[in-house]
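Structure record follows, encoded as structure tokens.
Derivation of every value follows stated rules applied to the coordinates shown; laboratory data play no part. None of these values were measured; they are calculated from a predicted model. Ideal geometry is used to build each Cβ from the backbone, glycine not excepted, and the neighbour counts take in all protein chains shown.
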């Protein structure tokens, strides 16, 4: 009888250890998956679409950069509206027709940037309502792949914050301008 009781206790203890081992294994798999996602998010490419303004002129640019740690492959860029650079007529001035928005880009390595002139703020926010007037709001869609994964990101661009804003003063540029004038006087 004692033998049967000890055997039953041994079976219960073994079952407990088997169950605990199974739960530990399941939790370890979950932790490994979380760590894999974190690592992936740290090293993957990120196609970042921003606008910037020239430090000395009221010219607004569109900048598309891979800010990630690995290359973005088979990149397709799409703009949702026609954007005529500087408000100039003609499809040659429509950013949507530029090569970067019409053909796939094989690879954008980390920190590579594509920069496009948009227009002066007076062209974008002026009162002229001709059809070629650049829009102040538009979206850029970036589709790309890396390590067998597909990514699609949409960035909404709103140029309205640039209305009535001014360029950030840059003392280095001001000093260089002064040096340039001094050199011209010496000549």
In region 69-84, residue farthest from residue 134 (Cα to Cα) [restricted to those that are within 22 Å of the chain's Cα centre (by Cα) and free of Cβ contacts under 8 Å to residues at least 60 places away in the same chain]:
69
If you scan region 168-187, which residues turn out to be within 22 Å of residue 60 (Cα to Cα) and either in contact with a helix residue (DSSP H, G or I) (Cβ under 6 Å, 6 or more places away or on another chain) or surrounded by 10 or more Cβ atoms within 10 Å (Cβ to Cβ) (or both)?
170, 173, 174, 177
Considering each of 77, 59 in turn, give the residue that is more than 20 Å from residue 165 (Cβ to Cβ) and either touching a helix residue (DSSP H, G or I) at 6+ places or on another chain (Cβ under 6 Å) or surrounded by fewer than 19 Cβ atoms within 10 Å (Cβ to Cβ) (or both).
77
Verdict on residue 42 being farther than 30 Å from residue 176 by Cα and touching a residue at least 24 places away in the same chain (Cβ under 8 Å):
yes
